[in-house]
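The values are calculated or read from the model by the stated rules, or taken from the named source; none is laboratory data. Bear in mind that the values here come from a model prediction, so they are computed numbers and not experimental data. Note that we place each Cβ from the backbone using ideal geometry, even for glycine, and neighbour counts take in every protein chain shown.
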Amino acid sequence: MSEGSVILETQALTKEFRGFVAVNQVDLRVRRGSIHALIGPNGAGKTTCFNLLTKFLPPSSGRIVFDGEDITGASPAQIARRGVIRSFQISAVFPHMTVLHNVRIALQRALGSSFHFWKGEASLAVLNARAMELLTQVDLADFADTMTVSLPYGRKRALEIATTLAMDPKLMLLDEPTQGMGHEDVDRVKALIKQVSANRTILMVEHNMSVVSDLCDTITVLARGNVLAEGPYAEVSRNPDVIQAYMGSADAELAGAHG
């Protein structure tokens, strides 16, 4: 993999909590334009990895390189401005505002005008056209005037993706995008992720192995904070170490999903 094709790289990324090593010497290389999944049994270190990448947590050691620049010492705001956007991190999902207004607020944040609450409705209305484009992209145009609190769960997750897209991310981090969804919503969000991945890079943590197998180009398997395997789904799903790591866990569907 050439250097130019790698948008995100971690080098020996490690996080310790009072002697407990949650993430241990993780080397991760995410290819530009790909959909890359972090999977693993509960407690494997997936969410801790996400928290390190977005600097919700500082690493104990190691380096994080994004788009060729070392961002290990950057703040969460600096990392977001560089284009690393985590879905829940910036989602302007306010339940008692309309779907359109939620996306418009996210667009204001991208423009650096989020606190310009004194601006008149007319001046903010220029953002409506772009907000509607984003809502159309995630199949929410018909819900533009709906109060967000009234949206079904799967549609709320689609709105989160729309607000993430409003920040024009270079790298989207999606943390369990289909968690808690029924089959119909999973299929809708899966199609949505595929659609918005055009010209973008996505790194996702996901438990649903049918989603992972259908969407992801590369899968990194974590277990007890260590990288256990990496490669395409067909390869890692047959890895004896990976199967062993999943045995007896709630995620034992690995071996059977599309494998």
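Among the numbered criteria (1) modelled with pLDDT of 90 or more; (2) part of a helix (DSSP H, G or I); (3) assigned by TED's automatic domain parsing to the domain that holds Asn208, which single criterion is violated by Ile7?
(2)
Keeping to the range 10-36, report how many residues are without any contact (Cβ under 8 Å) to a residue 40 or more places away in the chain and either in a loop (DSSP other than H, G, I, E, B) or closer than 19 Å to Val211 by Cα (or both).
The number of residues fulfilling the criteria is 2.
Suppose the filter is without any contact (Cβ under 8 Å) to a residue 24 or more places away in the chain and among the basic types (Lys, Arg); does Arg238 pass it?
yes
In this structure, is Ala166 under 19 Å from the mean Cα position of the chain (by Cα), more than 20 Å from Glu206 (Cβ to Cβ), modelled with pLDDT under 95 and not charged (D, E, K, R)?
Yes, satisfied.
Does the range 141-158 hold any residues that are assigned to a helix (DSSP H, G or I), closer than 19 Å to Gln195 by Cβ and either modelled with pLDDT of 95 or more or not aliphatic (A, V, I, L, M) (or both), and which are they?
Passing the criteria: Ala141, Asp142, Phe143, Gly154, Arg155, Lys156, Arg157.
Condition first: assigned to a helix (DSSP H, G or I), farther than 16 Å from Val30 by Cα and touching a residue at least 40 places away in the same chain (Cβ under 8 Å). Now tell me which residues in the range 195-230 satisfy that.
Passing the criteria: Gln195, Val196, Met209, Ser210, Ser213, Asp214.
Kindly establish whether Thr98 is over 19 Å from the mean Cα position of the chain (by Cα), outside the structural domain of Met132 (by TED's automatic domain parsing), of a type in the set (Ser, Thr, Tyr) and at pLDDT 95 or above. First the steps, then the outcome.
Working: over 19 Å from the mean Cα position of the chain (by Cα): yes; outside the structural domain of Met132 (by TED's automatic domain parsing): no; of a type in the set (Ser, Thr, Tyr): yes; at pLDDT 95 or above: yes.
No.
Among the residues of the range 37-92, count how many are part of a strand (DSSP E or B), basic (Lys, Arg) and surrounded by fewer than 17 Cβ atoms within 10 Å (Cβ to Cβ). If you could, list the steps in order and put the result at the bottom.
Looking only at the range 37-92, we keep the residues that are part of a strand (DSSP E or B), and these are 37-39, 61-66, 69-70, 84-86.
Remaining after also requiring basic (Lys, Arg): 63, 86.
From what is left, the residues that are surrounded by fewer than 17 Cβ atoms within 10 Å (Cβ to Cβ) are 63.
Summing the residues that are part of a strand (DSSP E or B), basic (Lys, Arg) and surrounded by fewer than 17 Cβ atoms within 10 Å (Cβ to Cβ) in the range 37-92 gives 1.
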